[in-house]
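As structure tokens, the structure follows; a few thoughts come after it.
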Amino acid sequence: RGVDAVRTQQEHARGSSIAGHATTAGTKRFAQRFRAGYAPEFYRGLNDHVSVSSIGMGTYLGDCDDAEDARYVTVLSAGLKQGLNLVDTAINYRCQRSERAVGEAIRKAVSVGFAQRDEIVVATKGGFIPLEGSPPESRALYEKYLTTEYFDAGVMTAADVVGGGHSLSPSFLANQVQRSLTNLGLATIDIYYLHNPEQQRMALDGPRFKSVIAGAFTELESQVSRGTIRCYGCATWNGFRLDPASPGHLNLEDLVQIARETGGENHHFQVIQLPLNLAMTEAIRALTQTVNGQRMPLLEAAAALGVSVVASASLMQAQLTRGLPTELAVAFPSLTTDAQRALAVDAALVVGGDDDDVRLVDVAGDDHR
């Protein structure tokens, strides 16, 4: 009853959802306002129809309390005010609090007029079962929460859950999209990721995994048709970085093929996400993917398949903001902090390809686990 009361208060405080979504015209307008203050290629095309800042704002870390919520709203608001228009979150981050902080920051930005809804690209994720407000105090309370919130309510069954807390069943995803929209206070989500689908790959055999992904993609195509999301993809931690023989490996060509089978040639599987930083360079250097029978790194595969890439964990949870080798200061003499140098290395790692083909942006500070 207490949880329901909190939700009612939150929904009442939000009022009606903010209509609209990111558009080509809106994001170009946003980029034009700030372009003079950034490097020439700071704003990049994502998904062929929106322009995004090449540094986004992630929302994974932090305590589940009001003080952290307030800090997130402050930082996200400052980022939007200073020209960052890619905001990344997930329903399970900080027990749904991160989505709500994102929503509050966007409402503030829109209400005071330093950004409009069609200028902001909002990405969230579904897959991990989200908690409400704070973690339960025991496993028994968690199991009770699952039963009351999801099983008894007919959202999904216990058989739909793998690893104790991950599901991609269509009914669960439909429920999660609606919860995310409520948390965010938005009418439409710009990018909706399946969150770490490698969790399913490790638990299921090949045919069953394909069936689960096909069901998930079918539901997300339906959500696009209803206008609740604009496009979808996969946000991963290990899946795209692993050797093909490893459990949990994801092959992008297979996922695109499933999208074609479920959504046709005009499917909306358009964006993927994986870590890329000084210590995690697999997206560029490791031959983890196969396209038309040829082995290649993830970024090359994405370019070949027409899928945009967002890089996560670009600062490795702030571990790359200090103590970097002095050689990097020499390599980037115009930069003054290790955080700047770490992000510059992310960009420098993308060599041998056209920026318009690779379409890489960073979500700093968000590692998507």
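Which one is surrounded by the most Cβ atoms within 10 Å (Cβ to Cβ), of the residues in region 84-109 that are touching a strand residue (DSSP E or B) at 6+ places or on another chain (Cβ under 6 Å) and over 30 Å from Glu137 (Cβ atoms)?
Leu86
Inside region 196-215, can you point out the residues that are touching a residue at least 12 places away in the same chain (Cβ under 8 Å), over 14 Å from Gly233 (Cα atoms) and not in a helix (DSSP H, G or I)? Walk me through it before giving the result.
The initial filter retains those residues of region 196-215 that are touching a residue at least 12 places away in the same chain (Cβ under 8 Å), namely 196-204, 210, 212-215.
Then drop every residue that is not over 14 Å from Gly233 (Cα atoms), which leaves 199-204, 210, 212.
Within region 196-215, just Leu204 meets the criteria.
In region 252-339, which strands (runs of 3 or more DSSP E) lie fully inside it and hold 2 or more residues that are within 18 Å of Leu220 (Cα to Cα) and of a type in the set (A, V, I, L, M)? Don't jump to the end; show me each part of the working.
Working: elements: 269-275, 289-291, 294-296, 308-312.
By residue number, 269-275.
Quick one: in region 179-216, which of the residues that are under 30 Å from Ser16 (Cα atoms) and of a type in the set (S, T, N, Q) is surrounded by the fewest Cβ atoms within 10 Å (Cβ to Cβ)?
Of the residues in region 179-216, the ones under 30 Å from Ser16 (Cα atoms) are 179-195, 216.
Within this subset, residues satisfying the condition of being of a type in the set (S, T, N, Q) are 180, 182-183, 188.
On the way: Ser180: 26, Thr182: 18, Asn183: 24, Thr188: 22.
This residue is Thr182.
Quick one: would you say Glu41 is of a type in the set (Asp, Glu), touching a strand residue (DSSP E or B) at 6+ places or on another chain (Cβ under 9 Å) and touching a residue at least 12 places away in the same chain (Cβ under 8 Å)?
Numbers: of a type in the set (Asp, Glu): yes; touching a strand residue (DSSP E or B) at 6+ places or on another chain (Cβ under 9 Å): no; touching a residue at least 12 places away in the same chain (Cβ under 8 Å): yes.
Criteria not met by Glu41.
From the list Val291, Val307, which one is open to solvent by less than 30 Å² (accessible area, probe 1.4 Å), among the β-branched types (Val, Ile, Thr) and within 30 Å of Ala187 (Cβ to Cβ)?
Working: Val291 fails: within 30 Å of Ala187 (Cβ to Cβ).
Result of the check over Val291, Val307: Val307.
Does Leu220 satisfy the criteria of being closer than 21 Å to Val307 by Cα, surrounded by 24 or more Cβ atoms within 10 Å (Cβ to Cβ), of a type outside the set (Ser, Thr, Tyr) and touching a residue at least 12 places away in the same chain (Cβ under 8 Å)? Spell out how you get there, then give the answer.
Values: closer than 21 Å to Val307 by Cα: yes; surrounded by 24 or more Cβ atoms within 10 Å (Cβ to Cβ): yes; of a type outside the set (Ser, Thr, Tyr): yes; touching a residue at least 12 places away in the same chain (Cβ under 8 Å): yes.
Considered against the rule, which asks whether it is closer than 21 Å to Val307 by Cα, surrounded by 24 or more Cβ atoms within 10 Å (Cβ to Cβ), of a type outside the set (Ser, Thr, Tyr) and touching a residue at least 12 places away in the same chain (Cβ under 8 Å), Leu220 comes out as yes.
Mind checking which residues of region 110-131 are of a type outside the set (D, E, K, R) and either open to solvent by 10 Å² or more (accessible area, probe 1.4 Å) or without any contact (Cβ under 8 Å) to a residue 60 or more places away in the chain (or both)?
We begin by selecting, within region 110-131, every residue of a type outside the set (D, E, K, R); these are 110-116, 120-124, 126-131.
Val110, Ser111, Val112, Gly113, Phe114, Gln116, Phe128, Ile129, Pro130, Leu131 - these are the residues of region 110-131 that are of a type outside the set (D, E, K, R) and either open to solvent by 10 Å² or more (accessible area, probe 1.4 Å) or without any contact (Cβ under 8 Å) to a residue 60 or more places away in the chain (or both).
Out of the residues in region 135-178 that are in a loop (DSSP other than H, G, I, E, B) and of a type in the set (D, E, K, R), which is most open to solvent (accessible area, probe 1.4 Å)? If you could, list the steps in order and put the result at the bottom.
First pass over region 135-178, keeping only residues in a loop (DSSP other than H, G, I, E, B): 135-138, 152-157, 161, 163-165, 167-169.
From what's left, of a type in the set (D, E, K, R): 137, 152.
On the way: Glu137: 173, Asp152: 120 Å².
By that ranking, first place goes to Glu137.
Every residue, every condition in (1) within 17 Å of Asn47 (Cα to Cα); (2) surrounded by fewer than 20 Cβ atoms within 10 Å (Cβ to Cβ); (3) free of Cβ contacts under 8 Å to residues at least 24 places away in the same chain, yes or no:
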position	(1), (2), (3)
Gly239	no, no, no
Pro244	no, yes, no
Ala259	yes, no, no
Val271	yes, no, no
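The values are calculated or read from the model by the stated rules, or taken from the named source; none is laboratory data. Note that the structure is predicted; figures quoted are calculated from it, not measured. Please note: Cβ atoms are built from the backbone with ideal geometry, for glycine as well, and neighbour counts cover all protein chains shown. Ligands, DNA and RNA are stripped out before the accessible areas are found, and what is left, the full protein with its side chains, is counted by its heavy atoms. Shrake-Rupley method; radii C 1.70, N 1.55, O 1.52, S 1.80 Å.
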